[in-house]
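Right, one structure below, let's go through it.
The values are calculated or read from the model by the stated rules, or taken from the named source; none is laboratory data. Please read these numbers as outputs of a predicted model, since none were measured by experiment. Here the Cβ is made from the backbone with ideal geometry for all residues, glycine too, and neighbour counts use every protein chain on show. Ligands, DNA and RNA are excluded from the accessible area calculation, which covers all protein heavy atoms including side chains. Shrake-Rupley method; radii C 1.70, N 1.55, O 1.52, S 1.80 Å.
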Amino acid sequence: MFKDLFHKKKYATIPSKNTKREIPEGLMNKCPKCGTIQYSKELEKNLKVCASCGHHFRLNAWERIQLILDEGKLEEFDARMVSEDPLEFPGYAAKLEQQKKNSGLLDGVVTGQGAISGFPVVIAVMSFDFFSGSMGSVVGEKITRAIETAMERELPLLIFSTSGGARMQESILSLMQMAKTSAALARFQSAGGLYISVLTDPTMGGVSASFAMLGDYNLAEPAALVGFAGRIVIEQTIRQKLPDNFQTAEFNMQHGQIDKVVHRKELKQMLTKLLDMHTVREDAVHGG
Amino acid sequence: MAGELQFEKPLNELRQKIDELKRFGQERGIDFSDEIARLEQRYKSLEDELYDELTPAQKMHLARHQQRPTSLDLIQHMFTDFIELHGDRLFADDLAIVGGLAKLNGVPVTVIGHQRGKDTKDNIARFFGSPHPEGFRKALRLMQQANKFNRPIITLIDTKGAYPGNTAEERGQSEAIARNLREMAIFGVPIICAVIGEGGSGGALALGVGNRVLMLENAIYSVISPNGAASILWKDASKADQAAEAMKITAKDLLEFGIIEEIVPEPQGGAHRDVAQQAESLKAAIWRHLQELLAMSPEELALDRYEKFRKIGAFSTLEEPQEETPGEAALETPQSING
């Protein structure tokens with residue numbers, strides 16, 4: 001056909017195998033989605049969102065806190081809590097030490113109190129760079145305590161989730177953290193507490209199937225992977241290839257699981273709006 | 001023997017020998033009674049030896065035994081007047097979960113359980129006991145009904161896990177499980193859960209937030225199936241037996257961790273050897289716990305359940321690092337191991 005003339009060239013582009021070597025460590029960054037290479041400084045200035053395709057790079061807990069909280073200031077809770085090895089699971093103790101060294105964190109979540117555009121909040125921020133954000137006893141306990149503190153202080157609760165799921169090395173104890181955190185939310189939410197859940201890439205398994213999906217408002221970053229079972233397991237079960245957009249934030253919104261997909265640049269503003277909507281103004285109440 | 005497990009082979013071989021000897025004696029009119037008595041004794045001691053010291057992997061195989069009693073088998077024996085109720089009122093009736101009204105020693109209760117199939121066709125209809133969101137939502141609907149009419153809730157847990165399929169994801173598998181966990185926490189009626197076979201992951205826990213959690217002796221309960229763990233940890237699903245050992249999945253382990261309140265003994269060789277007896281002992285245990293819980297107010301029941309789960313976890317707190325000696329390892333003070 002005539003319009004075929006305007007179509008793509010018939011030959012394939014083979015990505016150069018040498019590109020990786022050409023990038024000096026730390027100075028440049030390559031977008032895993034579109035392959036665009038950009039200066040790390042530029043990328044950071046752009047909140048770690050690819051300038052070319054809009055891909056949201058993962059943020060660790062402290063980067064997220066810098067981005068969301070006023071002046072990046074946090075009154076941290078339970079900063080020194082660490083995992084034990086209750087099952088004496090082969091290799092777990094050593095892996096924990098390695099994860100601490102690599103991430104600079106003691107476990108997979110940072111919790112505390114801070115402010116968003118002046119609104120005080122209790123916040124929990126998970127970090128994928130510690131043990132794939134997996135939930136063991138420490139993550140479950142710190143999140144539960146954060147919920148309880150939000151209840152005591154009568155503050156809104158914000159949880160930024162990112163996790164591969166429950167931490168296998170703590171087996172049944174990590175499974176029970178799902179029940180523990182959800183039970184704490186039951187109390188908090190039935191007492192009128194406001195809980196905003198922000199699902200970031202990726203939020204899977206035991207974390208999505210507990211507190212992450214229980215927000216009064218569930219927000220997610222664009223293209224964040226959110227689901228219960230992993231793609232590979234599902235493909236093996238149904239013996240079919242799944243579409244590319246499967247389990248993305250947009251897919252979840254389309255299927256009614258998420259309220260809104262929010263670009264990282266607009267996230268703080270959106271949270272501010274939501275917090276503002278839940279603030280009862282004295283003058284309004286008294287008709288002043 | 002039908003449904004023979006690998007580790008039971010020596011026992012069954014001995015049984016065959018005894019039978020052969022008996023037959024041979026009868027045919028030829030020879031008296032082997034001394035010999036047979038001796039072999040019977042050896043059989044008994046071999047049997048005791050085998051079943052008294054089952055490894056976690058062997059228990060896992062018993063828990064998954066094709067003939068192991070399902071929820072419906074046990075419900076039939078334990079309760080009277082069972083009325084099965086269907087559907088989540090939102091989408092469909094998931095046959096991987098069964099539930100309804102029944103009487104336990106004359107007391108009306110709501111009973112809910114995962115339901116494996118009895119044969120291939122049944123298994124396909126029931127997704128091998130792995131629920132979709134509509135299954136969890138059916139369970140929640142029945143529990144809300146129980147809460148409204150002040151009926152105790154009994155759940156029977158027996159699933160490899162929530163169904164890992166695209167349709168389940170599309171309909172909100174995560175949300176369905178999460179909601180059950182949250183809602184079960186605050187019901188004002190007694191909730192007693194019993195793991196009767198395999199308690200696999202979030203799909204099991206979605207029926208598992210009870211005031212009391214019991215386990216049959218050979219049942220297992222874990223965060224991921226040992227097969228799944230083996231394929232993630234060692235890239236080899238066939239190492240499931242090894243994973244079963246490492247993951248501490250037996251009733252005995254869970255009692256030690258304070259996750260469950262009681263182990264209900266099984267007939268020697270597993271629950272499938274005597275379903276009526278198994279149902280009787282499980283019923284007795286549930287009844288005993290129910291008596292205690294019925295004495296509590298709705299507020300006390302919710303608080304009791306909250307506290308049960310609130311204290312689960314193993315962690316400690318490092319002391320603040322000394323400014324002068326940053327290289328020294330901080331001291332650890334064990335703070336809480338299950339409370």
Original post:
Any idea which of A:Ile159, A:Gly230, A:Ala186 is furthest toward the positive side of the dipole for chain A, if Lys and Arg beta-carbons carry +1 and Asp and Glu beta-carbons -1?
Top reply: A:Gly230
Subject >> Percent of C-alpha pairs per 10 Å bin, chain B, short to long >> reply: 5, 22, 30, 21, 12, 7, 3, 0, 0, 0
Original post:
Given H placed 1.01 Å from N in the peptide plane, which residues other than close sequence neighbours of A:Thr203 have an amide H under 5 Å from its amide H?
Top reply: A:Ser163, A:Leu225, A:Val226, A:Gly227
**OP:** Quick one: go through segment A:55-99 and flag any residue whose amide nitrogen is under 15 Å from the point 7 Å out along the Cα-to-Cβ line of A:Gln38.
**Re:** A:55-59
Original post:
Can you tell which of B:Ser45, B:Gln66, B:Phe32 lies farthest toward the positive end of the dipole of segment B:30-70, using +1 and -1 charges on the Cβ of basic and acidic side chains (Lys, Arg; Asp, Glu)?
Top reply: B:Gln66
Original post:
Do the sum for the protein assembly as shown: with -39,500 (n - 2.57) for every DSSP H run of n ≥ 4, divided by all residues, what is the mean residue ellipticity at 222 nm, to the nearest 500 deg cm²/dmol?
Top reply: -12500 deg cm²/dmol
Subject >> Descending Cα extents along the principal axes, chain A, whole Å >> reply: 69, 60, 42
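Tell me whether segment A:97-156 comes out rounded, prolate or oblate; compute the Cα gyration tensor, take square roots of the eigenvalues as a ≥ b ≥ c, and use a/c under 1.5 as the rounded threshold. Don't jump to the answer; show the numbers that get you there.
On the way: a/c = 3.38, a/b = 1.89, b/c = 1.78.
It is prolate, given that a/c is not under 1.5 and a/b is the larger ratio.
Quick one: of the DSSP bridges fully inside segment B:1-158, what percent are antiparallel, nearest 5? Numbers along the way, then the final one.
On the way: 11 of 15 bridges.
The antiparallel proportion sits near 75 percent.
If you place +1 on the Cβ of every Lys and Arg, -1 on the Cβ of every Asp and Glu, and leave all else neutral, what size is the dipole of the protein assembly as shown about its Cα centre, to the nearest 20 Debye? List each step's numbers first, then the result.
Working: 73 positive and 85 negative charges, 520 e Å.
That gives the protein assembly as shown a dipole magnitude of about 2500 debye.
Per residue, how much space in cubic angstrom lies within the convex hull of the C-alpha atoms of segment A:171-284?
Details: hull volume 14.1 nm³, N = 114.
In segment A:171-284, the Cα convex hull volume per residue is 124 Å³.
Provide the per residue accessible area, probe 1.4 Å, for chain B, rounded to a whole number of square angstrom. Let's see the in-between values first.
Working: 15030 Å² over 339 residues.
The answer is 44 Å² per residue.
Can you tell me what share of the DSSP beta bridges in the protein assembly as shown is antiparallel? A percent to the nearest 5 is fine.
On the way: 36 of 75 bridges.
Among the beta bridges of the protein assembly as shown, antiparallel pairing accounts for roughly 50 percent.
For chain A, which whole-number percentage of the solvent-accessible area (1.4 Å probe, protein heavy atoms only) is attributable to carbon and sulfur atoms?
On the way: 7340 of 13960 Å².
Percent of accessible area from carbon and sulfur atoms in chain A: 53.
By DSSP, what percent of the beta bridges with both residues in chain B are antiparallel, rounded to the nearest 5? Walk me through the numbers on the way to the answer.
On the way: 17 of 37 bridges.
Antiparallel: roughly 45 percent of the beta bridges in chain B.
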**OP:** Run the numbers on segment A:165-207: which residues show a drop of 40 Å² or more in accessible area, chain on its own versus all protein chains together, using a 1.4 Å probe over heavy atoms?
**Re:** A:Met168, A:Ser171, A:Ile172, A:Leu173, A:Leu175, A:Met176, A:Ala179, A:Lys180, A:Ala183, A:Ala186, A:Arg187
Original post:
How large is ³J(HN,Hα), in whole Hz, for each residue of segment A:51-65 in order, when computed from phi with the Karplus curve 6.51 cos²θ - 1.76 cosθ + 1.60 and θ = phi - 60°, using x for Gly and Pro?
Top reply: 5, 8, 10, x, 4, 8, 5, 5, 9, 7, 4, 6, 4, 5, 4
Original post:
So what are the ³J(HN,Hα) numbers for segment B:197-211, from phi and the Karplus equation (6.51, -1.76, 1.60; θ = phi - 60°), rounded to whole Hz, Gly and Pro as x?
Top reply: x, 9, x, x, 6, x, x, 7, 4, 4, 10, x, 8, x, 5
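Whole-Å semi-axes of segment B:1-86's equivalent ellipsoid, largest first, each the root of 5 times a Cα gyration tensor eigenvalue?
Working from the Cα gyration tensor, I get semi-axes of 36, 18, 11 Å.
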**OP:** Between the chain alone and the structure with every protein chain in place, find the residues of segment A:226-244 that drop at least 30 Å² of accessible area; heavy atoms, 1.4 Å probe.
**Re:** A:Phe228, A:Ile234, A:Thr237, A:Ile238
Original post:
Once B and A are treated as a pair rather than alone, how much accessible area drops out, both sides summed, in Å² to 100, probe 1.4 Å?
Top reply: 4800
Original post:
With heavy atoms of protein chains only and a 1.4 Å probe, what residues of segment B:176-196 have at least 10 Å² less accessible area in the full set of chains than alone?
Top reply: B:Ile177, B:Ala178, B:Leu181, B:Arg182, B:Ala185, B:Ile186
Subject >> For A:Ser52, solvent-accessible area (1.4 Å; no DNA, RNA or ligand), Å² >> reply: 80
Original post:
Pairs A:Lys101/B:Lys235; A:Lys95/B:Lys59; B:Lys22/B:Lys160; A:Lys142/B:Lys283; A:Lys180/B:Lys160; B:Lys118/B:Lys239: which exceed 32 Å Cα-Cα?
Top reply: B:Lys22/B:Lys160; A:Lys142/B:Lys283
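Whole number in Å², please: accessible area per residue of chain A, 1.4 Å probe, ligands, DNA and RNA not counted.
Working: 13960 Å² over 288 residues.
Averaged over the residues of chain A, the accessible area is 48 Å².
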Subject >> Partners for B:Lys17 among lysines (Cα-Cα distance below 26 Å; same-chain residues under 8 apart left out) >> reply: B:Lys9, B:Lys44
**OP:** Would you mind computing, in nm to one decimal, how far apart the modelled labels at B:Ile30 and B:Gln145 are, each placed 7 Å from Cα along Cα→Cβ?
**Re:** 6.6
Subject >> Spin-label pair B:Ala125/B:Glu256, simplified geometry with 7 Å Cα→Cβ offset, distance in nm >> reply: 4.3
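With a Förster radius of 22 Å, plug the Cβ-Cβ distance of A:Gln66 and A:Lys30 into 1/(1 + (r/R0)^6) and report the FRET value to the nearest 0.05.
Details: r = 23 Å, r/R0 = 1.05.
E between A:Gln66 and A:Lys30, to the nearest 0.05, is 0.45.
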Original post:
Rounded to a whole number, what is D in µm²/s for the protein assembly as shown from Stokes-Einstein with the Kirkwood radius over alpha-carbon pairs (20 °C, 1.002 mPa s)?
Top reply: 81
Subject >> Cβ neighbours within 10 Å from other chains - mean over B:208-214 >> reply: 2
Original post:
Just from the alpha-carbon atoms, what are the Rg and Dmax of segment B:180-228 in angstroms?
Top reply: 11.4, 37
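Restricting things to alpha carbons, find the Rg to Rh ratio for segment A:117-208 using the Kirkwood radius for Rh. Present the calculation step by step, with values, prior to reporting the outcome.
Details: Rg = 12.8 Å, Rh = 13.2 Å.
Rg/Rh for segment A:117-208 comes to 0.97.
Where a ≥ b ≥ c are the square roots of the eigenvalues of the C-alpha gyration tensor, would you call segment B:228-319 rounded, which needs a/c under 1.5, or, failing that, prolate if a/b is larger than b/c, or oblate?
Details: a/c = 3.08, a/b = 1.17, b/c = 2.63.
Taking the square roots of the gyration eigenvalues as a ≥ b ≥ c, segment B:228-319 is oblate.
Using +1 on the beta carbon of Lys and Arg, -1 on that of Asp and Glu, and nothing else charged, what's the dipole of chain B about the Cα centre, debye to 20? Intermediate values should be presented prior to the final figure.
Numbers: 39 positive and 52 negative charges, 279 e Å.
The dipole magnitude comes to about 1340 debye.
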Subject >> In nm, spacing of pseudo-spin labels at B:Glu40 and A:Asp276 (7 Å Cα→C-beta vector) >> reply: 8.8
Original post:
Amide H of A:Val82: which non-local residues (sequence gap of 5 or more, or other chain) have their own amide H closer than 5 Å, using H built in the peptide plane?
Top reply: B:Ser316, B:Thr317, B:Leu318
